[in-house]
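The values are calculated or read from the model by the stated rules, or taken from the named source; none is laboratory data. Note that the structure is a prediction, hence the values are computed from the model and not measured. Cβ: placed from backbone, ideal geometry, glycine included. Neighbour counts: every protein chain shown.
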Amino acid sequence: MTDASVAVTQTRVERFAEKYLKAVGCSIEKRNEKWAITVPDDADTELPTGEIPVICGDPDRELDSDEELLHPESSFFHKLLEEASRRCPRGRLSIASESPEVSVPHWLETEGVRIDVVDFTPYYDRVAVVVLFRIGIETVSEYQEQHLEAVAIDSQSQKVLEQFEETFLAATSIDDETVESQIPGLDRSSVMQIIESASEAAVDRIRPRIGEVHEEASRSADAELEEYRQMKEAELAELDEKRESITTKIEEVSEAIQEGERDSRVDALKRRKELNEELEQVESKREDLREKRDKGFPQTQREIRERHALEVVSASMTVTKVEYESGEARFRIAGDRTSEMITVGYGAGVGITEEIHCDNCGESLSNSNPLSKFEEGLICEDCSTTSREES
C-alpha cells in the first residue's frame with residue numbers, strides 16, 4: 001500500500017502558514033524561530049487584528065500569554081488549515097499525459113527480471129475525486145493526535161487509486177499553483193458517496209496507529225485502576241485497624257461499667273454508646289468497601305475506562321476533481337535469454353488499473369507476492385518457492 005499521508009513536517013507547516021497569511025493580507029517579520037505576524041483591519045481572515053507573536057517549532061516551549069505556537073500539532077496551525085479549507089473546499093486539477101513517464105510496479109521489476117520497453121496509449125478521459133481528510137485520535141484524558149490523509153477514488157468504478165494519491169500530493173505542492181477553485185462537475189449524491197467510501201479508506205490506513213493508541217490508553221487505564229485499587233486496599237486496612245481499636249475501647253468501657261461507681265457508670269454507658277455508633281459507621285464503610293472491591297469497583301472502573309476511551313473523528317477538508325487519461329500500457333518483460341510483451345490497463349498518474357494474475361495459481365501479483373518467472377507464463381513468487389521446495 002502506498003503512503004498517501006501528507007508529510008506534515010515543520011518546514012511544510014511554516015511554508016503553508018507564510019503563503020496563506022500573505023495571501024489573506026497579513027505581513028510577517030521573521031526573527032529566526034520567532035515571527036511577528038501583523039493582521040491589518042482589512043485582512044481577509046478570522047484572525048484577530050493587530051500583531052500576533054508566533055514561535056515556530058519546539059512544542060514543549062513555555063509561551064507568554066499572547067504567543068502562539070506553529071508546529072504540525074499546534075492549534076494555531078490547524079486553525080489556519082481549517083480556515084483555508086473553508087475558503088477553498090473544492091478544486092479541479094488535470095493530470096496531463098504528454099510524454100508520460102510510465103510507472104513500473106515493483107512487483108514486475110524483481111530479481112532476474114527487467115523491463116526493457118514501456119509505453120502508454122491513452123484512449124479516454126476519466127475522473128477521480130481526491131478527498132483530503134483530517135483524522136483526530138483522542139481520549140478525554142490524555143491523547144490527542146491529528147493526521148492528514150489523502151484518498152483518491154475513481155468516480156466511475158469507485159475503486160481506490162492509491163498510486164494516484166501520491167501523484168496528486170506531488171502535483172498540489174504548497175509551491176504549486178495548479179489547483180483551481182472550481183466546483184467539481186459531479187452531482188452531490190455521487191460526491192457524498194465517494195466521501196463516505198474515502199473516509200472509511202482513510203481511517204483504515206491509520207488503523208495500526210489507532211490500535212497503538214488504544215493499547216497505550218488501555219495501559220494507562222489499567223495503571224490508574226490499579227493505583228485506585230491499592231489506595232482502597234490501604235483505606236480498608238485503616239478501617240480494619242480502626243475497627244479493632246474501637247472494639248478494644250468498647251471492651252475497656254464495658255469493664256469500667258461493671259466495676260465503677262454509679263456516676264462513673266453513667267459516663268461510661270454514654271461513652272460506650274458513642275463508641276458503638278462509631279463502630280457501626282466504620283463497619284458500614286468497611287462492608288461497603290469490601291463489597292465494591294470484590295466486584296472490582298465497577299463504577300470507578302467504568303469512569304476510568306470512559307476517560308481513556310478512544311474517539312476517532314474523520315472530517316473531509318477539501319474535495320478535488322482530478323481529470324486523467326486512461327488507456328493501455330505495454331511492458332516488455334525481459335530476462336537473460338527471452339522476453340515477453342504484456343498489455344494492461346493503465347492511467348496517467350494512476351498506474352496499472354487492472355490486476356495481473358499468476359498463470360499457475362491465479363492469484364494476483366503484488367508487492368507481497370511479486371513476479372518470479374515468465375518463461376512459461378507469469379509465475380508468482382509463492383508458486384516458485386513451492387516448486388523449489390517440492391523438487
Evaluate region 106-117: report whether one residue or more is at pLDDT 80 or above, under 30 Å from the mean Cα position of the chain (by Cα) and surrounded by 13 or more Cβ atoms within 10 Å (Cβ to Cβ).
yes
Within region 292-391, which strands (runs of 3 or more DSSP E) (wholly inside it) include 2 or more residues that are surrounded by fewer than 20 Cβ atoms within 10 Å (Cβ to Cβ) and in contact with a Gly (Cβ under 8 Å, 6 or more places away or on another chain)?
311-334
Scan (1) over 29 Å from residue 140 (Cα atoms); (2) exposed (fewer than 14 other Cβ atoms within 10 Å of the Cβ) for the single condition residue 226 breaks and write down its number.
(1)
Looking only at residues that are of a type in the set (A, V, I, L, M, F, W, C) and modelled with pLDDT under 75 in region 136-179, which one is surrounded by the most Cβ atoms within 10 Å (Cβ to Cβ)?
168
Name the one entry in 306, 375, 283, 390 that is more than 26 Å from residue 200 (Cβ to Cβ) and modelled with pLDDT of 85 or more.
283
Here the residues within region 229-260 that are surrounded by 13 or more Cβ atoms within 10 Å (Cβ to Cβ) and hydrophobic (A, V, I, L, M, F, W, C) are 236, 239, 246, 250, 253, 256, 257
If the Cβ limit is 8 Å and pairs must be 6+ apart or interchain, which residue in region 347-366 that is at negative phi pairs with which residue that is of a type in the set (Lys, Arg) and assigned to a loop (DSSP other than H, G, I, E, B)?
353/159
Top-ranked residue in region 31-57 [being exposed (fewer than 13 other Cβ atoms within 10 Å of the Cβ) and closer than 20 Å to residue 10 by Cα; ranked as modelled with the highest pLDDT]:
34
State all residues of region 58-74 that are of a type outside the set (A, V, I, L, M), in contact with a strand residue (DSSP E or B) (Cβ under 8 Å, 6 or more places away or on another chain), without any contact (Cβ under 8 Å) to a residue 24 or more places away in the chain and loosely packed, with under 14 Cβ neighbours inside 10 Å; if no residue qualifies, say none.
59, 61, 64, 66
